[in-house]
1. For T92, only one of the following conditions fails: (1) over 24 Å from I27 (Cβ atoms); (2) within 16 Å of ligand 1 (Cβ to nearest atom). What is its number?
2. Please state which one of I12, I34, I56 is farther than 21 Å from L222 by Cβ, in contact with a helix residue (DSSP H, G or I) (Cβ under 6 Å, 6 or more places away or on another chain), of a type in the set (A, V, I, L, M) and within 14 Å of ligand 1 (Cβ to nearest atom).
3. Restricting attention to segment 118-161, which residues are assigned to a helix (DSSP H, G or I) and either touching a residue at least 60 places away in the same chain (Cβ under 8 Å) or under 18 Å from L201 (Cβ atoms) (or both)?
4. Do we find that G123 is under 21 Å from P89 (Cβ atoms) and at pLDDT below 95 in this structure?
5. Out of M91, M80, M49, M101, which single residue is under 30 Å from V115 (Cα atoms) and in a loop (DSSP other than H, G, I, E, B)?
6. It is to be established whether one or more residues within segment 67-79 are surrounded by 15 or more Cβ atoms within 10 Å (Cβ to Cβ), more than 12 Å from the chain's Cα centre (by Cα) and within 9 Å of ligand 1 (Cβ to nearest atom).
7. Somewhere in segment 18-26, is a residue exposed (fewer than 15 other Cβ atoms within 10 Å of the Cβ), over 14 Å from the mean Cα position of the chain (by Cα), touching a residue at least 12 places away in the same chain (Cβ under 8 Å) and not in a strand (DSSP E or B)?
8. Quick one: in segment 37-72, of everything that is of a type in the set (A, V, I, L, M) and in contact (Cβ under 8 Å) with a residue 40 or more places away in the chain, which residue is nearest to V207 (Cα to Cα)?
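The values are calculated or read from the model by the stated rules, or taken from the named source; none is laboratory data. For clarity, every value in this text was computed on a predicted model and none was experimentally measured. Virtual Cβ from ideal backbone geometry, glycine too; neighbours counted across all protein chains shown.
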Amino acid sequence: MAEIELKHVSKIYEGGAAAVRDFSLDIHDREFVIFVGPSGCGKSTTLRMIAGLEDITEGELYVDGEYMNDVESCDRDMAMVFQNYALYPHMTVYENIAYSMKLKKVPKEERRKKVLETAKLLGIEELLDRKPKELSGGQKQRVAMGRAIVRRPKAFLMDEPLSNLDAKLRNQMRTEIRNLHKNLDTTFIYVTHDQTEAMTLGTKIVVMKDGVMQQVDTPSQLYDYP
Ligand code: ADP
Ligand code: ADP
């Protein structure tokens with residue numbers, strides 16, 4: 001679980017206009033926060049600054065009270081999945097999920113236990129010996145999620161994770177992601193341009209436009225807007 005604070009954060013890409021302007025938000029433990037808005041409104045940039053994949057131009061970022069502005073202060077115990085899955089093609093599903101623990105020198109037995117536990121949580125126990133090219137889109141995204149959550153990060157970040165899937169699968173995966181949030185002691189932050197996804201998944205919805213936060217509210221309160 002992570003408490004994340006953004007204070008007057010802006011991002012200006014070199015030679016560009018501000019991608020994100022004066023963005024302030026508190027994200028609390030175990031919340032499911034959604035950044036929603038049209039393409040180009042700064043959702044990914046905000047997520048990437050939280051993840052430490054992008055420098056902050058102005059403002060401050062705190063994670064559990066610790067100042068985290070620099071990309072170098074990188075070990076912020078967060079994990080991210082992307083729209084395109086980004087699995088290691090030469091590794092099996094098992095190895096993809098185990099890899100980060102191997103880098104951290106987690107003992108083999110413990111690795112195995114965690115991989116199996118995570119695979120069960122995502123319903124991919126039968127796929128552990130397959131390579132990514134032998135998986136469907138939905139299966140790949142489950143593996144990508146497994147790889148991200150296996151070490152139980154404080155925050156789990158998702159950037160349009162369902163955009164490449166067909167409508168039926170998206171519905172199913174939405175339910176699975178909601179259940180995952182119930183089952184894990186982890187803060188979820190999720191980027192989407194899809195309002196249905198935002199409304200059905202989030203506990204807190206951040207509506208963005210042109211790099212600026214327009215509204216932040218619970219889904220039920222957003223529905224009440226005129
Ligand atoms: P979204 O995720 O809402 O689609 P982004 O955060 O990706 O929006 O982009 C916000 C704005 O920043 C856009 O105008 C985009 O063109 C610009 N942008 C994003 N990444 C870069 C980059 N690496 N260099 C320059 N401009 C960028
Ligand atoms: P290493 O490369 O050191 O063997 P890994 O964490 O990648 O470390 O684990 C590979 C090991 O995991 C295999 O030797 C095997 O014992 C176990 N393993 C691989 N696939 C599966 C599977 N589908 N189910 C259970 N255990 C597996």
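1. Failing condition for T92: (2).
2. When all the criteria are applied, what remains is I56.
3. L121, L122, G138, Q141, R142, A144, M145, R147, A148, I149
4. It is false that G123 is under 21 Å from P89 (Cβ atoms) and at pLDDT below 95.
5. M91 is the lone residue from the list that is under 30 Å from V115 (Cα atoms) and in a loop (DSSP other than H, G, I, E, B).
6. Checked against the condition, which is being surrounded by 15 or more Cβ atoms within 10 Å (Cβ to Cβ), more than 12 Å from the chain's Cα centre (by Cα) and within 9 Å of ligand 1 (Cβ to nearest atom), segment 67-79 yields no hits at all.
7. Looking through segment 18-26, none of the residues is exposed (fewer than 15 other Cβ atoms within 10 Å of the Cβ), over 14 Å from the mean Cα position of the chain (by Cα), touching a residue at least 12 places away in the same chain (Cβ under 8 Å) and not in a strand (DSSP E or B).
8. Filtering first and then ranking leaves L47.
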